[in-house]
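Below: one structure, written as structure tokens.
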Amino acid sequence: MELNQSADEEENIHSHSEANSFDTIIGEIEDIIMDASFRTLEREFVERHCALFDPASEENRLEWMGVFREYGRLLEGHLDSQLRQRLPSFSMDQFLTQLAERREELDGDIFDLLLSFSDFSSFKEMMLDYRRFKDGNVPCLDGIITSVQLPG
């Protein structure tokens, strides 16, 4: 009986440690995306590519997928680099596994942003909304784009 209890206790400790690790990573990601360097990187990317996204088009254009992949590589690469500097034992693969396991319980801007890296529909909506804003068809970005901030 003591052997089973010890194994259960060890599993609980591992589970608690994994949850703390996940929460620590999320906290670091929040700090990174609030940093001016991340915001500038994302804003410049969106500014550079938003003209390709036509809100009037009902079809997805082939070039949009290439822009989506570039966006993911750019911002995921920045996040990965920053997280490895802050948390030397960080593993993007382990984090993505944890993220997928917790997907149903997560919400908020940070998860919308992370989803935009891996979900084309989320990315496309972000780009189309930004384009609508730039064209004057949406008065503000509140509630539309989670991390892109306009200059000034």
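In table form, for the structure just shown:
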read-out: Identity of the residue in the stretch 103-152, modelled with pLDDT of 80 or more and not in a helix (DSSP H, G or I), that ends up nearest to ALA51 (Cα to Cα); value: ASP135
read-out: Unmet requirement for ILE26, which otherwise passes all of (1) closer than 27 Å to LYS134 by Cα; (2) surrounded by 14 or more Cβ atoms within 10 Å (Cβ to Cβ); (3) not basic (Lys, Arg); value: (1)
read-out: Residue match in the stretch 101-121 (condition: aliphatic (A, V, I, L, M) and open to solvent by 30 Å² or more (accessible area, probe 1.4 Å)); value: yes
read-out: Test: residue in the stretch 63-71 that is over 30 Å from THR24 (Cα atoms), in contact with a Leu (Cβ under 8 Å, 6 or more places away or on another chain) and loosely packed, with under 14 Cβ neighbours inside 10 Å; value: yes
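The values are calculated or read from the model by the stated rules, or taken from the named source; none is laboratory data. Keep in mind the model is a prediction, meaning the values are calculated, not measured. FYI the Cβ positions are ideal-geometry reconstructions off the backbone, even for glycines, and counts take in every protein chain you see. With ligands, DNA and RNA removed, areas are computed over all heavy atoms of the protein, side chains included. Shrake-Rupley method; radii C 1.70, N 1.55, O 1.52, S 1.80 Å.
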